[in-house]
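The values are calculated or read from the model by the stated rules, or taken from the named source; none is laboratory data. Owing to the predicted nature of the structure, the values given are computational and were not obtained by experimental measurement. We place every Cβ from the backbone using ideal geometry, glycine too, and count neighbours over all the protein chains shown.
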Amino acid sequence: MSNKMMHRKVVASIVVCLLAVMMAVGGIMPPTAAALVPPPTAVSIDPDTRTVSPGDTFSINVLVDSGNYNLLACHVEVGYNAAVFAASAPVYQGLLGAAADVLVEPGSGVVDGLVKYGVTRVAGVGNPAVPVNGALITIDFTVDPDAEPDTYPLEVQNVILKDENNEDLPVDYVFDGEVVIEGGEKGDFTGDDGINFDDFVSFGLAYNSVTGDPNYNPIGDFNGDGEINFDDFVSFGLIYNTCPYA
Ligand SMILES: [Ca+2]
Ligand SMILES: [Ca+2]
C-alpha cells in the first residue's frame, strides 16, 4: 500500500468516526432506544412547600403524572400531623374523567392524620384509560391556632397506579410536600408586640405578594388566604399604632 493510499484510508476512518460521534451527540440515532424507556410516573404535592401562620387555612393539590401509561385507576394517601392540621375531605379534580364517569373508592376521606383517595374509571361510558398529568384531588388544611412554629411534612404514601388491564404501573417518583409554620402575630413583623412604622415598611415590602413569592410573609396575610392585598392592608390599618399583642 502506498503512503498516499494509506493516508486516504486514515482520513476516511476519521471521517466515519466523526460522523458516528456527531450522530450520537445530535441524537440522530434510530428512535428504538428512546422508545424502550417510558417517561417516569410521579405523584407529588403542589405546591411542594408553603409558609403559613397558626390559624391559617391553605390548600394543596395531589398531582399524578402517568407518563406514557394509560391510567385506569389510582389510589393515593397523604399523611399529615393531625395535632397541627385539620384536613378537609379530598375534592376530586376530574383527572380520570368527569365525576359521573368514575367510581370513588369506598373509605376515601380523612382518618387520623391520613387523607385517602382512590378512583377508577367506569367502563362503557366513553371514558377509556389514557395518559394523565394533573391534579387528582384538592385538600384544604386548617392550621391549629396553637401550632408550634416548625416545618411539617405532607407525606405521599401507598400510591397505586393501574393501567388499562388492571396491572400495577411502576411508581417512579413520589414527592412529599412540606409546610413551614412561622411564629409571630399578624402585622408585627418586628416581634416587639407593637405595630408601628417599622412594621408598616415591612408590610409594604410584602404587599401584593402571594404564597411562594420570596417577599411573601404570612405575618402580613391577616386573613391567611395566601395573598397580601388590600383586605390585609385594611386589617393592618385597624391595628396601626397600637400594641394589640402586649
Ligand atoms: Ca412591631
Ligand atoms: Ca390575605
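If you go through segment 99-121 one residue at a time, do you hit one that is surrounded by fewer than 16 Cβ atoms within 10 Å (Cβ to Cβ), out of contact with any strand residue (DSSP E or B) (no Cβ under 7 Å at 6 or more places or on another chain) and assigned to a strand (DSSP E or B)?
yes
Testing residue 233 on (1) more than 10 Å from ligand 2 (Cβ to nearest atom); (2) out of contact with any Leu (no Cβ under 6 Å at 6 or more places or on another chain), one condition comes back false. Which one is that?
(1)
Could you grab the pairs with beta carbons closer than 8 Å, sequence gap of 6+ or different chains, first residue in segment 183-196 and free of Cβ contacts under 8 Å to residues at least 40 places away in the same chain, second one among the β-branched types (Val, Ile, Thr) and buried (at least 17 other Cβ atoms within 10 Å of the Cβ)?
189/219
For segment 85-98, how many residues meet the condition of being assigned to a strand (DSSP E or B) and either touching a helix residue (DSSP H, G or I) at 6+ places or on another chain (Cβ under 7 Å) or at positive phi (or both)?
Number satisfying all stated conditions: 1.
For residues that are hydrophobic (A, V, I, L, M, F, W, C) and within 21 Å of residue 98 (Cβ to Cβ), tally how many sit in segment 115-168.
12
Please state which one of 227, 155 is among the acidic types (Asp, Glu), under 17 Å from residue 62 (Cα atoms) and surrounded by 15 or more Cβ atoms within 10 Å (Cβ to Cβ).
Among 227, 155, only 155 is among the acidic types (Asp, Glu), under 17 Å from residue 62 (Cα atoms) and surrounded by 15 or more Cβ atoms within 10 Å (Cβ to Cβ).
Within segment 64-84, can you find the residues that are surrounded by fewer than 21 Cβ atoms within 10 Å (Cβ to Cβ) and assigned to a strand (DSSP E or B)?
Those that are surrounded by fewer than 21 Cβ atoms within 10 Å (Cβ to Cβ) and assigned to a strand (DSSP E or B): 65, 73, 75, 77, 79.
Please go through segment 144-187 and give me each residue that is in contact with a Gly (Cβ under 7 Å, 6 or more places away or on another chain), over 16 Å from residue 78 (Cβ atoms) and more than 16 Å from ligand 2 (Cβ to nearest atom), ordered by number.
Within segment 144-187, 145, 149 meet the criteria.
Exactly one of (1) in the same structural domain as residue 78 (by TED's automatic domain parsing); (2) within 16 Å of ligand 2 (Cβ to nearest atom); (3) not aliphatic (A, V, I, L, M) is unmet by residue 133. Its number?
The failed condition is (2).
Residue check: is residue 51 closer than 30 Å to residue 182 by Cβ, among the hydroxyl-bearing types (Ser, Thr, Tyr) and surrounded by 16 or more Cβ atoms within 10 Å (Cβ to Cβ)?
Yes; evaluated as a whole, the condition is true for this residue.
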